[in-house]
Structure formats: C-alpha cells, structure tokens
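Everything below concerns the one structure shown next.
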Amino acid sequence: MSSKHVEEEGDASGVGAPAERCESCGGSPRWERISDHWGERWLGVCACGRIDSFFPDRRRREGPADPLTLFLQGHLAPRRPATPAWVRLFLHSLQGETPTLWRHGFDPCEACSARTVFGLLAWPQPHLAGLCTVCINCGYTVSAYSNPAVKGSEEVLIGSTWAPACPAVKRLRECVRASQQPARHPLDDSDESAAGHDR
Ligand SMILES: [Zn+2]
Ligand SMILES: [Zn+2]
C-alpha cells in the first residue's frame, strides 16, 4: 500500500501509450491491447521475460499487484472470485528461485485467437524433451514429448480440461515442475557437471 495520494496526470507525455522500451533490458516489448466495457488495458511481453502492463483509463498510477489478472479481467470489472487454474499455474511458475522461462508465442491461440500463448521447453525425464504451450486466456494446452535421439518419437497431446486435468494439462504441469529444477540437459550429464561452472 502506498501512502501517497493518487496523482492526477500532470504532463501528458507517455500517458496515452505504453512504454516503448523494456525497463529491464531496453528491448522492445510486444504489446497486446484489449478494450471493452471493463476498460482499456495493455500487456507487454519482452523477449527477456519481463511482463509490463498499461491501463490508460485507470486512475491509480502505481502498478497493480497482479497486472496479468487485471489485464485479463479488466480493471473496471468486479474481481472474479477464482483465478483460472492456468493463470494460477503461470503466475506460480514465475515465482521462486528458479522461475520458469516462458517464451511468448507469436501465433494466436488456436482455440480463442488471443495472442496470449506462452511456451516452454523442459526435460521432465533425462532423455525426454517436453515442448508445451498454454494460452493464458482460455487454458488451451499443447504438449509435445519427444526423445531427441529417436526420430519420429514425438507425441503431441492437446486439451483444455484443467479439473480434472486432461493428459495434455498433466504434461504441462510436469514440464513446469521440471523447468523449476536445476537444469539437467542430458548432454550436460557426462563429465561437465562438476567442472562446468566457469565459462
Ligand atoms: Zn526486456
Ligand atoms: Zn486461447
């Protein structure tokens, strides 16, 4: 909570547009805009992983505590009682000492067409690569497992049932868990693991 009063917009610079530069790395975030009767809001995702939000008609100037939920639900809407399971998974994955490194997908979601698809690569088992994507707007999940050493071993599961979790969602959860363990790529397993810290 801030003890400062909400400042009214004094100078107009930058009020009507989201930041062009990422505050973390100086790169150019990709901004998505939603505007409906619950307010206009923007979500910016930078290649470095930083997520920013921008709410031009929101009166409070300090950043929201949960910008992603605010972006998805609209800041003028009454808060919904429950955050969807896929948003909870996503937010949870960004916390802790080894947050999941998501990539923002360039293609719109096949189920809902929103450009809110995030993907990750993980190693749920030493010789099993998991490439998963999830749409944080609707929960649509694609999980592809393969053994890179075996051609044609790829198995793709698709689903958006979260309770109880369908096989695609179970694999996504598995990959998020795996992505939060210290990196264990099979190629690193040989003799580098003890001495490979000084590059
Ligand atoms: Zn950045
Ligand atoms: Zn979707």
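Values in this text are rule-based calculations from the coordinates and carry no lab data. All figures in this text were calculated on a predicted structure; none of them were measured in a lab. Cβ placement follows ideal geometry from the backbone for every residue including glycine, while neighbour counts extend to all protein chains displayed.
How would H104, H92, H37 line up from fewest to most surrounding beta-carbon atoms within 10 angstrom? List each step's numbers first, then the result.
Numbers: H104 19, H92 13, H37 7.
Ordered by Cβ neighbours within 10 Å, fewest first: H37, H92, H104.
State whether region 85-185 is rounded, prolate or oblate according to the following rule on the C-alpha gyration tensor (a ≥ b ≥ c being the square roots of its eigenvalues): a/c under 1.5 gives rounded; otherwise a/b larger than b/c gives prolate, and the remaining case gives oblate. Because a/c hits 1.5 or more and a/b fails to exceed b/c, region 85-185 counts as oblate. Counting other Cβ atoms within 10 Å as a rough exposure proxy, the listed residues D52, D107 run D107, D52 from fewest neighbours to most.
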